[in-house]
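The values are calculated or read from the model by the stated rules, or taken from the named source; none is laboratory data. The structure displayed is predicted, hence computed values, not measured ones. Neighbour counts are summed over all protein chains in view; Cβ atoms, including those assigned to glycine, are modelled from backbone coordinates with ideal geometry.
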Amino acid sequence: MPPLTHFIQRSQRGDSNAEHDLYQHAYLRLHAIAQQARQRVKTRFGSDNPVSNDCSQHTTTLVHDAYLKLRSHTSVSNQREYFRLAAKVMRQLLIDNARQWQAVKRQADITVHDEICSGIAYQHIDACFAHFEKRYPRQSEIAQLRYLAGLSIAEISELLCLSESTIEKDIRFARCWLVKHIHNSDN
């Protein structure tokens, strides 16, 4: 049993030290996931992007906010569910922040260029991802674990009990499907 699963189960049984152990064990991994998520934002939208530079999106803040949300989920029973939920929570935190930033921007006079640089791209990508998730749940889970949680192909293979070649095929399919639908609905 992976250590994280052990800490989750201990915590659910009421072990008072388990939550601290869970946080200590998961913190570095969550921090790495948050750093990767922020880096993707900077790569896509530039390092001077106001959404990525917002203090509420600093890696440590994102990890703490995600952990607080994860803590309230009692349905998580193992490492696989924990990292899947962590990826989803961090994605949602980034989307929510982009929406808040966009709402503030709407209150002022803005140009079309400013609007493009705001959170619209996050919302559009999130909508495409939600549609993909409904149609292709396994491939969506794999894509979230790979791109949002930053897990390696070997780690995903172990978590989902699927072959590495299946994981690679599903990642290629997810990437192609998402790129096609994100670009097609932009037109």
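Values as computed for the structure displayed
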read-out	value
Which numbered condition Phe129 fails, given (1) modelled with pLDDT under 85; (2) under 30 Å from Thr5 (Cα atoms); (3) of a type outside the set (Lys, Arg); (4) surrounded by fewer than 19 Cβ atoms within 10 Å (Cβ to Cβ)	(4)
Qualifying residue in the range 139-146 (condition: of a type in the set (Asp, Glu), at pLDDT 85 or above and within 15 Å of the chain's Cα centre (by Cα))	yes
The range 1-28, subset assigned to a helix (DSSP H, G or I) and among the hydroxyl-bearing types (Ser, Thr, Tyr), residue surrounded by the fewest Cβ atoms within 10 Å (Cβ to Cβ)	Tyr27
Residue in the range 81-98 that is acidic (Asp, Glu), at pLDDT 75 or above and touching a helix residue (DSSP H, G or I) at 6+ places or on another chain (Cβ under 8 Å) present	no
In the range 167-187, residue modelled with the lowest pLDDT [restricted to those that are polar (S, T, N, Q) and either surrounded by 15 or more Cβ atoms within 10 Å (Cβ to Cβ) or part of a loop (DSSP other than H, G, I, E, B) (or both)]	Asn187
Test: residue in the range 54-70 that is among the basic types (Lys, Arg) and either within 21 Å of Gln12 (Cα to Cα) or at pLDDT 65 or above (or both)	yes
